[in-house]
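Let me begin by presenting the structure, written as structure tokens, before commenting on it.
The values are calculated or read from the model by the stated rules, or taken from the named source; none is laboratory data. As the structure is a prediction and not an experimental result, all values here were calculated from the model. Glycine gets a Cβ as well: all are built from the backbone with ideal geometry, and neighbour counts include every protein chain shown. The protein model used for the area step is the full one, side chains on, heavy atoms only, and it has no ligands, DNA or RNA in it. Shrake-Rupley method; radii C 1.70, N 1.55, O 1.52, S 1.80 Å.
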Amino acid sequence: MRAATRTIAGGLAALLAVGLSAGCSRVHAVDAATAKDAHGPISIWYSNNAQEVQWGKQLVAQWNQAHPQEKVTGQEIPANKSSEEVIGASIVAGSEPCLIYNTSPASVPTFQAQGGLVALDDFPGAAQYIQTRSGDQAAQYKSPDGKYYQLPWKTNPVMIFYNKKIFAKAGISTTNPPLSTYSQFLDTAKKIVASKAAKYAIYPAPSSEFYQSWYDFYSMYAAESGGSQLITADKAVFADQAGQSVAQFWASLYRQNLAGKEAYNGDSFADGVAAMSIVGPWAIASYKGKVDWGVVPVPTSSGSKVGDDHTFSDAKNVAMYASCKNRATAWDFLKYSTSEQADGTLLSVTGQMPLRQDVLGTYAAFFTKNPGFKTFAAEANRTTEVPNVPNSVEIWQSFRNSWSRSVIFGRSPVTTSLTDSAAAIDKLIRKK
Amino acid sequence: MTTAQISPDDSRRGGHTSPLDGSPAPSRDARRNHRSWPERVLGRHPVGILFGLPYAVFIAIIFAYPLVLSVYMSFHRYIFTAPGVGVPRPWVGLDNYRTALSDPLVRQAFLNILIFLVINVPLTVVLSLVLATALNSAIPLRSFFRGAYYVPYVTASVAVVGVWLFLFNTDGLVNRLLGSLAPNPSWLINVHWAMPSIALFVTWKQLGFFILLYLAALQAVPKELYESASVDGASKWRQFRSVTVPGVRHATTLVTLLAIVTGANLFTEPYLLTGGGGPDGKSASPVLVLYQQGIEQNHPDVAAAIGVLLVIGVLVIAGIQQLLERD
């Protein structure tokens, strides 16, 4: 009896402690009406790659000098398996900063459902600002409720990088390699592997993360379909002729061991294990001094041409988060950091394309000085984004699982796999 | 002279005579009735509770509260939200369990973990006991081997996985040694070999820790038993079976339980070694799927259901193991 009493007392004390700690750590929601017009210090997160850190620090320093009353504190996004996990956790904890310059469009529906985002349309002239800056492409970033919960910021049009040394070793042209059509690409891939110039022609990550299909499948589907998204009018459309062609193309590469199926510990392109890689303009800085590279658009069945094809955008956007108390300052800083001048700095420091109209014309001097970026810039106005629909991550995971099964590991027929996957995704679109 | 009569019942309950006057000492119940209520609740040494409280709070916050919350989540529609965002969290009964179990990937993951445990647990117990016994005897370079077995355990998984990828990929050392006997496709992308490969990897990586547990247990086995067995003419194998194995029985229970629990929580290895549970989900673990559902897809309710099922599964396996051991 006494032991039981004591156990109960101990339990109650522990529960009290849990309650007290929970009570102490409870975060109160920000009053949106007050925050909307509030000015004051804010914090921001930016990506942790060296170039973006440099850009972020530079921009914050400039702002702080001009706005001492509205100080901005910038820091790299905390490290984790992915930025999305960090952001998701900080939303729940109420500890996210005002602005995050690394918001993946695929995660926006989830963050929105969590109540973690501020609709930018709340600020006067915001929608117009976004549409004027990004042109027609802005529409891809609107949420189903018609509002912008993200500002389309920068794009990394995905293209094919090739290693000139490996191509030369395999006896393939290094200035005009035959990579435009699927059959040309396959022939080139066979030549590379047969000549043992490289172990694999190409080595996209064969892992199961939901986002991997944006690079192997989606970039080519965008090109083959003329810029169609995975889902159109609330229906999965990728099992069409374009999707089937892309999937069959990749299945051929895997079946003939021209693409690697195993997890690779490192960078297969930098290590010379693969002759080609699917990358955005960020790769120019990354492979500088490591690989003598060339770049071509992703192939299509009838042949691709620079500046004439669509590809996956691989965009990262800026979103304003619900814990922000000084949202007026955050909005001012958001405009400041996406002005023509700031975008020019972004381009010159990071090599990534601001998601604004006529990048080539606006920053002509930069492209004259850095012709390597021109090819990417030519694609920048025809990029296709992941669809902004609820359950976006779940939809992509479902697609990835099906892709792995049929295309990478050949354990089910490609044709039926795509149609089955489309049917499963249709159900996920309707899922509340 | 009269002596106090002590009833057998009092005696059993600890009743005794006073050493001074021989009168019966007050019974425990009588003593309890004379205590103040704080003493009754907190005991005679309340400071002990203070010492124990931090750990009780730790257990309550880190283990008990999340477990209770996850059971709650598994029976409700639940998403993680920002502070102050009110979303309805209706009771949905077994819906989340139905959703979880109707997902072929979840079913596959539970089957995978069963395969993993069937390979990993017996292998862990046998190898760690045999190696600990060897390391406990006077062999050359004993300290070196003790340290060597422990190195993989304390090395970061990411680094060790790199070594295994090098060993077990298509052109890896293992396949080169095996030549035409190597499986095609190779180990980590082979639907039959992916999970056994992970089970072997985990066995090897954790062996050092379990050897350490057995080494500690072996110190407690009386040397005299070995001497007696030796005098009786028992061979080394017989001594191992009849003295060592029973002598470290409690350690075996602990090793088995820990191997089951850590095995059921498998995450890092399929995430890194087989590209997130490949090929085609054949090495996916319930925790990996739970992470995808709960963290990546913001379906913590379904993830909680998977977690609860996993806890139940582990408890059942551990219970069966305990029963078998008792028999």
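If the only charges are +1 at each Lys and Arg Cβ and -1 at each Asp and Glu Cβ, what is the size of the charge dipole of the protein assembly as shown around the Cα centre, to the nearest 20 debye?
Values: 62 positive and 51 negative charges, 313 e Å.
Here the protein assembly as shown has a charge dipole of around 1500 debye.
Any idea what the dipole of chain A comes to, in debye rounded to 20, about its Cα centre with Lys/Arg Cβ at +1 and Asp/Glu Cβ at -1?
Values: 39 positive and 34 negative charges, 206 e Å.
Charge dipole, chain A, about its Cα centre: 1000 debye, nearest 20.
Just the Kirkwood number for segment B:37-114, please: inverse of mean 1/r across all distinct Cα pairs, in Å, one decimal. Could you put the intermediate results ahead of the total?
Numbers: mean 1/r = 0.0605 Å⁻¹.
Answer for segment B:37-114: a Kirkwood hydrodynamic radius of 16.5 Å.
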Next on the checklist: Tell me the accessible surface of residue A:81 in square angstrom (1.4 angstrom probe, heavy atoms of protein chains only), to the nearest ten.
Outcome noted: 100 Å²
Next on the checklist: Angle check, please: helix A:2-25 long axis (alpha carbons) against the longest principal axis of chain A (alpha carbons), in degrees 0 to 90, nearest 10.
Outcome noted: 70 degrees
Checklist outcome for this item: segment A:187-315: spread of alpha-carbon positions along the three principal axes, whole Å, largest first, is 44, 32, 29
Checklist entry - Once you charge only the Cβ atoms, +1 for Lys and Arg and -1 for Asp and Glu, what is the size of the charge dipole of segment A:59-218 about its Cα centre, to the nearest 20 debye? => result 1080 debye
Checklist outcome for this item: Cα-based Debye curve of segment A:219-271 sampled at q = 0.15 Å⁻¹ gives log₁₀ I(q)/I(0) of -0.57
Checklist entry - What are the radius of gyration and Dmax of segment B:56-175, computed over its Cα atoms and given in Å? => result 22.8, 67
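Mean projection of the alpha-carbon convex hull of segment A:277-386 over all orientations, in nm²?
Details: hull surface 35.1 nm².
One quarter of the hull surface, i.e. the mean projection, equals 8.8 nm².
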Checklist entry - How much net charge surrounds residue B:89 when only other residues with a Cβ under 11 Å from its Cβ are counted (Lys, Arg +1; Asp, Glu -1)? => result 0
Item to check | For segment B:209-223 and segment B:267-327, distance of Cα centres in Å | outcome: 31 Å
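Over the protein assembly as shown, with the other protein chains present, what is the accessible area per residue in square angstrom, probe 1.4 angstrom? Before the final figure, lay out the partial values.
Details: 35450 Å² over 759 residues.
So the protein assembly as shown comes to 47 Å² accessible per residue, rounded to a whole number.
Do me a favour and compute the ellipsoid semi-axes for segment A:34-74 from its Cα gyration tensor, root of five times each eigenvalue, largest one first, whole Å. Numbers along the way, then the final one.
Values: eigenvalues 96, 32, 6 Å².
Equivalent ellipsoid of segment A:34-74: 22, 13, 5 Å, largest first.
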Checklist entry - For the charge dipole of the protein assembly as shown, defined by +1 on Lys and Arg C-beta atoms and -1 on Asp and Glu C-beta atoms about the Cα centroid, which residue among A:368, A:127, A:160 has the Cα displaced farthest towards the positive pole? => result A:160
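What Kirkwood Rh does segment B:119-277 have if only Cα atoms enter the pairwise 1/r average? Answer in Å.
Working: mean 1/r = 0.0576 Å⁻¹.
Result for segment B:119-277 stands at 17.4 Å.
Any chance you could tell me what percent of the C-alpha pair distances in chain B go past 25 Å? Please report the intermediate quantities before stating the final value.
Numbers: 36245 of 53301 pairs.
Tail of the P(r) past 25 Å holds 68 percent of the pairs.
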Item to check | Value of Rg/Rh across chain A [Cα atoms, Kirkwood radius] | outcome: 1.03
Next on the checklist: What does the charge count around residue A:346 come to, taking other residues whose C-beta lies under 9 Å from its C-beta (Lys +1, Arg +1, Asp -1, Glu -1)?
Outcome noted: -1
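Report the A-B buried area as the accessible area lost on both sides summed, probe 1.4 Å, in Å² to the nearest 100. It would help to have the intermediate numbers written out before the result.
Details: alone 18920 and 20040 Å², together 35450 Å².
Separately minus together, A and B give about 3500 Å² buried.
How long are the semi-axes of the equivalent ellipsoid of segment A:68-208, taking √(5λ) for every eigenvalue λ of the Cα gyration tensor, in whole Å from largest down?
Each semi-axis is the square root of five times an eigenvalue, giving 42, 19, 15 Å.
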Checklist entry - How big is the accessible area of residue B:144 in square angstrom, nearest 10, if you roll a 1.4 angstrom probe over the protein chains? => result 130 Å²
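From other protein chains only, count the Cβ atoms within 10 Å of every residue's Cβ in A:400-411, then give the mean.
4
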Checklist entry - If each of residue A:34 and residue A:255 carries a label point 7 Å out from its Cα toward its Cβ, how far apart are those two points in nm? => result 6.5 nm
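Return the FRET efficiency for the residue pair residue A:431, residue A:54: r is the Cβ-Cβ distance, R0 is 45 Å, and the value is rounded to the nearest 0.05. Please report the intermediate quantities before stating the final value.
On the way: r = 42 Å, r/R0 = 0.94.
In this case the efficiency is close to 0.60.
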Checklist outcome for this item: Here the net charge surrounding residue A:331, from other residues whose Cβ is less than 15 Å away from its Cβ (Lys, Arg +1; Asp, Glu -1), is +1
Checklist entry - Computed over the Cα atoms, what is the radius of gyration of segment B:247-312 divided by 2.2 N^0.38 Å, N being its residue count? => result 1.33
Checklist entry - Toward the positive end of the charge dipole of the protein assembly as shown, about the Cα centre and with charges on Cβ (Lys, Arg +1; Asp, Glu -1), which of B:315, A:192, B:298 goes farthest? => result B:315
Checklist entry - Scanning chain B for helices, which whole DSSP H stretches are 27 Å or more long along the axis (Cα) and average 0.5 or more by Kyte-Doolittle? => result B:104-136, B:194-219, B:300-326
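Provide a whole-number value for the mean count of partner chain Cβ atoms within 10 Å of the Cβ atoms in peptide A:106-118. Intermediate values should be presented prior to the final figure.
Values: counts 0, 2, 0, 1, 5, 2, 0, 6, 7, 9, 5, 1, 0.
If you average over the peptide's residues, the count of other-chain Cβ atoms is 3.
Can you sort A:426, A:122 by 1.4 Å-probe accessible area, starting with the largest? Show your work: numbers first, answer last.
Working: A:426 20, A:122 70 Å².
The most accessible residue leads, giving A:122, A:426.
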Item to check | Angle between chain A longest axis and helix A:83-93 axis [Cα atoms, degrees, rounded to 10] | outcome: 10 degrees
Checklist outcome for this item: From most to least accessible, 1.4 Å probe, no ligand or DNA/RNA atoms counted, B:299, B:45 line up as B:45, B:299
Checklist entry - Taking springs between alpha-carbon atoms closer than 10 angstrom, which of A:216, A:271, A:358 fluctuates most in the Gaussian network model of chain A? => result A:271
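Rounded to the nearest 500, what is the 222 nm mean residue ellipticity of chain A from helices alone, with -39500 (n - 2.57) per DSSP H run of 4+ residues and division by all residues? Can you show the working numbers first?
On the way: 18 runs with 186 residues, N = 432.
Helix contribution divided over all residues of chain A: -13000 deg cm²/dmol.
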Item to check | Centre separation in Å (Cα based) which lies between segment B:135-178 and segment A:353-432 | outcome: 41 Å
Checklist entry - Just by accessible area at a 1.4 angstrom probe, what is the order of B:176, B:249 from largest to smallest? => result B:176, B:249
Item to check | Using alpha-carbon coordinates, inclination of helix A:50-66 to the longest axis of chain A, degrees | outcome: 40 degrees
Checklist entry - Considering only protein heavy atoms, what is the solvent-accessible area of residue A:264 at a probe of 1.4 Å, reported in Å² to the nearest 10? => result 80 Å²
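Determine the share of the protein assembly as shown's accessible area contributed by carbon and sulfur atoms, expressed in whole percent, with a 1.4 angstrom probe. If you can, show how the numbers build up before the last one.
Numbers: 21290 of 35450 Å².
The computed percentage sits at 60.
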Next on the checklist: Could you work out the percent of alpha carbon pairs in segment A:96-176 separated by over 21 Å, rounded to a whole number?
Outcome noted: 45 percent
Next on the checklist: In Å and on Cα atoms, what radius of gyration and Dmax does segment A:44-107 show?
Outcome noted: 12.5, 36
Checklist outcome for this item: Distribution output for the protein assembly as shown: share of Cα-Cα pairs per 20 Å bin in percent, first bin at 0, values 14, 39, 31, 12, 4, 1, 0
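Using only Cα atoms, what is the ratio of the radius of gyration of segment A:348-432 to 2.2 N^0.38 Å?
1.61
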Next on the checklist: With unit charges on the beta carbons (Lys and Arg positive, Asp and Glu negative) and the dipole taken about the Cα centre of chain B, which residue among B:181, B:49, B:114 sits farthest to the positive side?
Outcome noted: B:49
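For B:296-303, what's the mean count of beta carbons from other chains sitting within 10 Å of each residue's beta carbon? Could you put the intermediate results ahead of the total?
On the way: counts 14, 11, 11, 3, 1, 0, 0, 0.
Mean inter-chain Cβ contacts per residue within 10 Å come to 5.
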